[in-house]
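What follows is a single structure, written as C-alpha cells, with notes after it.
The values are calculated or read from the model by the stated rules, or taken from the named source; none is laboratory data. Here the structure is a predicted model, which means the values were calculated and not measured. Cβ coordinates were reconstructed from backbone atoms using ideal geometry, including for glycine residues, and neighbour counts include every protein chain displayed. Side chains are part of the model used for accessible areas, which takes the heavy atoms of the whole protein and leaves out ligands, DNA and RNA. Shrake-Rupley method; radii C 1.70, N 1.55, O 1.52, S 1.80 Å.
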Amino acid sequence: MLHLRVAEPMRECEYSQISTRSSTPMETPYKKRTPKRRKWQAFPGRNKFYCNGRIMMARQTGVFYLTLVLILITSGLFFAFDCPFLSMQITPAIPVIGGVLFVFVLGTLFRTSFSDPGVLPRATPDEAADLERQIDVANGSSSGYRSPPRTREVVINGQTVKLKYCFTCKIFRPPRASHCSLCDNCVERFDHHCPWVGNCVGKRNYRFFYMFILSLSFLTIFIFAFVITHVILRSHRYGFLNTLKDSPASVLEVVVCFFSVWSIVGLSGFHTYLISSNQTTNEDIKGSWSSKRGKGNYNPYSYGNIFTNCCAALCGPLPPSLIDRRGFVQSDTPQPLPPTNGITMYGSTQSQSHMAAATPLLQSEPVILTDEAFLPGRTSLGGPCSGALPLGGHPTPPTSTPKLSCDNDMLPFRNEQSNGLRHHHTDGGHHHFLTPEEAPSPPGMLPCGSPLGHSHTIQGFYNPASQDSLHEDSVRGLVKLSSV
C-alpha cells in the first residue's frame with residue numbers, strides 16, 4: 001500500500017504561470033522578424049539614392065553641383081541687375097522670357113540627373129548559372145572551359161549585331177547597351193556618362209538631357225545678348241567706364257556666358273546631329289555604323305527620315321524602370337528565434353501576449369515517498385523531486401513570473417472520487433500506471449493548509465475550464481515521465 005508522508009503541512013499555496021514558448025522539436029520555431037529593406041539599399045552599382053530611392057544619381061556629383069551653381073549665379077545676377085533696367089527701357093517681356101527659360105533649364109536638369117537612365121538589372125545566381133551552362137553547351141565544352149570572346153549575334157533590319165557578355169552583370173547586353181565603368185551598371189541605349197549632370201545618359205533620360213542642353217544654349221545666348229544690350233545703353237548715358245563701375249555684375253555675366261556658350265551650343269549641335277541620324281554618342285565615337293567598316297555597314301536603327309528619327313527620340317513612349325528601386329528585398333530563409341528561457345512544455349502551443357495560454361501548476365511542500373512506493377528495478381524519484389518538480393525535473397519558472405496566492409476559502413477540495421491521476425494497486429503488490437490514453441482530465445485543486453493524508457489519489461493540479469486541451473497535453477507529458 002502506498003504510504004504518503006508529508007514533511008510539513010503546507011502553509012501556503014502558490015500558482016505560477018509557465019511560459020509555453022519552447023525550443024523543443026515538438027513546436028514550430030518562431031520566425032525572426034527582420035526589418036524590410038528597400039532594393040535601393042542593396043543596389044550593387046555605384047550610385048547614390050535620396051528620398052527613399054526616388055532620386056538616383058552617380059557617386060561623383062561634384063561637377064553637377066558646379067553646373068547648378070553656375071546656372072543659379074548667372075541667372076540670379078541677370079534678374080537682379082540687368083532685368084530692371086531692360087524692362088523699363090525696352091520691354092517687360094524680357095524678364096518673363098528669361099524666367100521661363102530658367103525654370104525649363106532647371107526642370108530638365110533635375111529630370112536628367114535624378115532619374116534612372118535605363119539601368120539593366122543584374123542576373124540572379126540561378127540565372128547566371130543557367131547562362132553559364134548554355135555557354136558551355138554552345139562552346140562544346142563540359143569541363144568549364146569558355147572560349148573568348150563571349151558574344152552572340154542577332155539580326156536587326158538585315159544588319160548583324162553582336163551582343164557582348166558582361167562579366168560584371170552576368171548578362172548578354174541587349175543591342176545598343178553598354179557597361180558604364182563609373183556607375184558600374186549596364187545601361188540600355190547607353191549614350192555617355194555626363195559628369196555635368198551627375199548621371200549616365202541612356203534610354204530613359206536622353207530626351208531630357210537633350211532638352212536641357214538645348215534650353216541652356218538658348219538661356220546662355222539670351223543672357224549674353226541682353227547683358228551686352230544693357231552695357232551699350234548705359235554707356236551712351238554715363239560712359240563706358242562709368243557703366244563698368246556701376247554694374248560689375250554685368251561684366252561677370254558676360255565673361256561666364258562668353259566662355260560657356262561655345263561648348264554648350266556646340267554640344268547641342270552635335271546631339272542634334274545624333275538625334276537626326278538615330279545614333280548614340282557611344283556608337284558615333286566607335287564608328288559602329290561607319291562606311292569605313294565596309295560597304296554593307298549601315299545603321300539598322302535609323303528610320304531613313306530626319307523628322308521620324310527626331311520624333312522617335314523625343315516623342316516616343318518612355319519605358320519603365322527595370323530595377324524597381326523602391327521595392328522590398330525578399331528574404332530567402334526566415335531565422336528561428338532562440339528560446340527565451342529554459343522551461344519546456346510538452347504538447348503546448350505558442351503563447352500570446354501576457355502568456356494568456358499558460359498552465360498554472362501548484363507549488364507545494366515536498367512530498368516524500370516511502371520505500372514501499374518504489375518500483376522494483378527502477379530509480380526512485382523520492383524526496384523533493386517527487387513534489388517539487390512535477391514535470392520531470394524541469395527548472396522552476398523565473399521569479400518574475402506573476403503568481404497567484406490562494407486562501408482556504410477560495411480553493412475547492414476534490415476528494416478521492418474526483419477524476420484525478422490514480423495510482424492503482426493490485427493484490428499481487430504490482431503497480432499499474434495509467435497510459436496517456438486512459439488519463440482523465442486534470443483534477444481540481446487542493447485546499448490550502450490541509451495535509452494530503454493517506455490517500456491513493458495524488459492531487460496537485462489546477463483545472464481552468466478555458467484551457468482543457470492545454471491541460472490534457474500537460475498531464476499526458478507528466479504521465480509519460482512518471483512511467484520512465
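Some observations on this one:
- Exposure of Glu127 as accessible area (Å², to 10), given a probe of 1.4 Å and all protein chains: 100 Å²
- Computed FRET value (nearest 0.05) for Thr168 with Ala93, which takes r as the C-beta separation and R₀ as 35 Å: 0.10
- These residues, Ser263, Ser276, go from largest to smallest accessible area, 1.4 Å probe, as Ser263, Ser276.
- Leu244/Ala80 FRET efficiency (R0 22 Å; Cβ-Cβ; nearest 0.05): 0.80
- Of Lys39/Lys203; Lys36/Lys203; Lys203/Lys286; Lys39/Lys162; Lys203/Lys292, those spanning more than 24 Å from alpha-carbon to alpha-carbon: Lys36/Lys203; Lys39/Lys162; Lys203/Lys292
- Förster-model FRET efficiency, 30 Å R0, Val255 and Lys48, C-beta, rounded to 0.05: 0.40
- Accessible surface of segment 166-257 [probe 1.4 Å, protein heavy atoms]: carbon and sulfur percent: 69 percent
- For Leu101, the solvent-accessible surface with a 1.4 Å probe is about 40 Å², rounded to the nearest 10.
- With a simple spin-label model that places each label point 7 Å from the Cα along the Cα-to-Cβ direction, the separation between Phe218 and Arg111 comes to 1.3 nm.
- Surface calculation, 1.4 Å probe, protein heavy atoms: Cys315 sits at approximately 100 Å² accessible.
- The residues Lys48, Lys245, sorted by heavy-atom accessible surface at 1.4 Å with ligands and nucleic acids left out, run Lys245, Lys48 from largest to smallest.
- Legend: residues Met211, Met57, sorted from most to least accessible area (1.4 Å probe; ligands, DNA and RNA excluded), read Met211, Met57.
- Accessible area (Å², per residue) of segment 76-200, counting only protein heavy atoms and a probe of 1.4 Å: 50 Å²
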